[in-house]
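Some notes on the structure that comes next.
FYI, it's all coordinate maths here, none of it is from the lab. Computed from a predicted structure; not experimentally measured. As a convention, Cβ positions derive from the backbone with ideal geometry for all residues, glycine included, and neighbour counts pool all protein chains shown.
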Amino acid sequence: MPASSAVTVLGLGPMGRALAGAFLAGGLRTTVWNRTPGRDGELLGRGAIGALSAAEAVGASELVVVCVVNYDAADAVLRQDAVTGALKGRTVVNLTADTPARARDTAAWADAHGIRYLDGAIMTPATTIGTSDAVFLHSGPEDLYREHRPVLDVLGGTHTHLGGDIGRAAAYDVALLDIFWTAMSGYAHALAVARAEGITARELAPFAQGIGAILPPLFEELAGDVDDGTYSGELNPITSAVSSMAHIVQASESHGIDAGVMRAAEGQARRVIGLGHGTDGFIRVAELLGRRSQAG
């Protein structure tokens, strides 16, 4: 059992319940609280301690793990006077997803109120918590992370400390979820186009998995292109990519299917070509987007 044998979990949505369940399974004295009553029944049956208020829950443990829908919800709980006062001298590990800026703002608030603070991100579904498949990212003071690592390890999986910049875990989270939700949006669009052409989702799925399998080695290769500024298009120049994008747009719109996402991608690629990079690969778009951000 970890040196600290008590933990409080604030937020009992699917992920929060999974976190609390893993702590219980690891033998930790686990106190739970949720804004909406009634979500703690199964956990109480397993030995969790239900608190009547967030302040009471915070006062039960030196380590408080927060997992709610976003930082608006986290702030609504943590920044109540009674809760803030109860948190003084304790450690908050915030596993709520939001932006890097919100993480940094919360860290500044915590520091001003004598609260020790770590930020984090959970990169796998609730069903992985407590198993070897779970993936956690953490950022903030390394000594604080090391102090609480034994308790965090109870959650299973892989834990990576990304450094002292408190917003770094959220930055990874946003970037990685950008990949996920853009891919999911593309898949949903592909299924709509396929259905319009008389292809069922089950018929397309095996081939979609084949496309997905192409991506991991490409991610590694293209990361080198971006970091080194090479943007090689020797095998697939961006002019070729634009041609296939145009076909997708035409096929979609011929069935009345919105092609706004692909039109946006095509537009970015055409701007790269317009800047004289037609022989480069598609990933040159990352440089274009970064340049526009810096100009802003």
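Values computed for the structure shown
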{"read-out": "Net charge over other residues, Cβ less than 13 angstrom from the Cβ of residue 137 (K, R count +1; D, E count -1)", "value": "-2"}
{"read-out": "Linear extension gain, residue 247 paired with residue 88, 0.36 nm per residue minus alpha-carbon span", "value": "51.3 nm"}
{"read-out": "Unit charges at the beta carbon, dipole of the chain: most positive-side option, 32, 154, 16", "value": "32"}
{"read-out": "Protection proxy ranking, peptides 273-279, 171-177, average beta carbon neighbours within 10 Å, highest first", "value": "171-177, 273-279"}
{"read-out": "At least 30 Å along the helix axis (C-alpha) and Kyte average at least 0.0, DSSP helices within the chain", "value": "168-196, 201-228"}
{"read-out": "Contour minus Cα-Cα distance for residue 235 and residue 219 (0.36 nm per residue)", "value": "4.2 nm"}
{"read-out": "Local net charge near residue 9, Cβ-Cβ under 12 Å (Lys/Arg +1, Asp/Glu -1)", "value": "+2"}
{"read-out": "Given charges at beta-carbon only (K, R positive; D, E negative), |dipole| of the stretch 6-165 in Debye", "value": "320 debye"}
{"read-out": "Rounded FRET efficiency, nearest 0.05, which uses the C-beta distance separating residue 132 from residue 160 and R0 of 22 Å", "value": "0.90"}
{"read-out": "Dipole of the chain, positive end: most advanced residue of 215, 95, 201 [Cβ charges, Cα centre]", "value": "95"}
{"read-out": "Potential extension, residue 286-residue 5 segment - 0.36 nm per residue separation minus Cα distance", "value": "96.6 nm"}
{"read-out": "Modelled FRET efficiency - R0 41 Å, residue 185 with residue 111, Cβ distances, 0.05 increments", "value": "0.60"}
{"read-out": "Net dipole in debye of the stretch 200-295 [+1 Lys, Arg Cβ; -1 Asp, Glu Cβ; about Cα centre; nearest 20]", "value": "380 debye"}
{"read-out": "Helical mean residue ellipticity (222 nm; -39500 (n - 2.57) per DSSP H run of 4+; nearest 500) of the chain", "value": "-18000 deg cm²/dmol"}
{"read-out": "Antiparallel bridges, percent of DSSP beta bridges restricted to the chain (to nearest 5)", "value": "20 percent"}
{"read-out": "Alpha-carbon centroids, the stretch 220-269 and the stretch 137-176: separation in whole Å", "value": "34 Å"}
{"read-out": "Highest average packing first - 43-56, 150-163, Cβ atoms within 10 Å", "value": "150-163, 43-56"}
{"read-out": "DSSP beta bridge pairing in the stretch 53-179, given as percent antiparallel to the nearest 5", "value": "25 percent"}
{"read-out": "Size of electric dipole in the chain: Cβ of Lys, Arg +1 and of Asp, Glu -1, about Cα centre, debye, nearest 20", "value": "660 debye"}
{"read-out": "Ascending count of other beta-carbon atoms within 10 Å, so fewest first, for 195, 202", "value": "202, 195"}
{"read-out": "Mean projected area in nm² (Cα convex hull; one quarter of hull surface) for the chain", "value": "18.7 nm²"}
{"read-out": "Estimated distance in nm for a label pair at residue 197 and residue 254, the labels positioned 7 Å out from Cα along Cα-to-Cβ", "value": "0.9 nm"}
{"read-out": "Sequence ranges 179-186, 23-30, 239-246, ranked by mean other-Cβ count within 10 angstrom, highest first", "value": "23-30, 239-246, 179-186"}
